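Working notes, structure below.
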Amino acid sequence: MQTLEKHDLIMALQRCSTEELNDAQYVPAILRESDSDGLLVNVNHHLGLSFRALLNHHHVPEIGLNIDDPTDSVFTDDRHAAHTLTTHLLGLGYTRICYVGVGLNPNTDHYSRRDRLRGFHDAMNAAALHTESILVPNPAVVRLTDQVDELLASAAPPEAWLSYSTHEAEMLQAHFLNHGIRLGRAPRSPRLSTAPKTRQCALRA
């Protein structure tokens, strides 16, 4: 913002829902009422073809933020981040790691949901270890906790849990506490981490 002010420029902001962005009839006010020189488009979900066609129709230069386009975009390497975090947990001696995240739908989901899971699989496969994952439609909490309970009751329960986001991490933490799993006790008990952050762990049981 300071850079804009130095050049006597302003930035206009508008938020749009996923449904609006994927509606072929929707035209954001920033395109209808503004004479902007360009757009920074920050996307938290899948960007539909209709919105891309709309930008092309208005001939508006745009840079995508958080969009995995090969050109005119800036985004994080979620696959590498998840690989790095999984490798970190493996380096701590945890070999039974379970990935927990939302279901994958290439037509609606953000690229990070696909790439974080791939990064986890990359690291586990490189270590020749079995990959365990729980993928559920958001927000199917009941189904998630049911699958978590099945793994906890198995002969070889996970030693560590890797979650797509803090949302799943918080659900897991609450579920563990409801099961009486106390935090910060046993040194070889389940750990919870959140991709793509590379901190050691968010929860220690």
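Quick notes on this structure:
- Tally, over segment 14-25, of residues that are in a loop (DSSP other than H, G, I, E, B) and at pLDDT below 75: 3
- Residue that is farthest from the chain's Cα centre (by Cα) [pool: residues in segment 71-121 that are of a type in the set (Asp, Glu) and surrounded by fewer than 17 Cβ atoms within 10 Å (Cβ to Cβ)]: Asp72
- Of the numbered criteria (1) in contact with a helix residue (DSSP H, G or I) (Cβ under 9 Å, 6 or more places away or on another chain); (2) at pLDDT 85 or above; (3) closer than 20 Å to Leu104 by Cβ, the one Asp146 fails is (1).
- Being surrounded by fewer than 12 Cβ atoms within 10 Å (Cβ to Cβ), at pLDDT below 80, in the same structural domain as Leu9 (by TED's automatic domain parsing) and not in a loop (DSSP other than H, G, I, E, B) is a property that holds for Asn56.
- Note on segment 122-163: residues that are of a type in the set (S, T, N, Q), surrounded by 15 or more Cβ atoms within 10 Å (Cβ to Cβ) and in a helix (DSSP H, G or I) amount to 2.
- Tally of residues being assigned to a helix (DSSP H, G or I) and either charged (D, E, K, R) or out of contact with any Gly (no Cβ under 8 Å at 6 or more places or on another chain) (or both) across segment 93-121: 10
Residues checked against (1) at pLDDT 80 or above; (2) of a type in the set (D, E, K, R):
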| residue | (1), (2) |
| --- | --- |
| Ile30 | no, no |
| Asp37 | no, yes |
| Phe51 | no, no |
| Leu65 | yes, no |
| Asp78 | yes, yes |
| Thr87 | yes, no |
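The values are calculated or read from the model by the stated rules, or taken from the named source; none is laboratory data. Fair warning: this is a prediction, and the values are worked out from it, not measured in the lab. With ideal geometry, Cβ positions are generated from the backbone for all residues, glycine too; neighbour counts draw on all protein chains shown.
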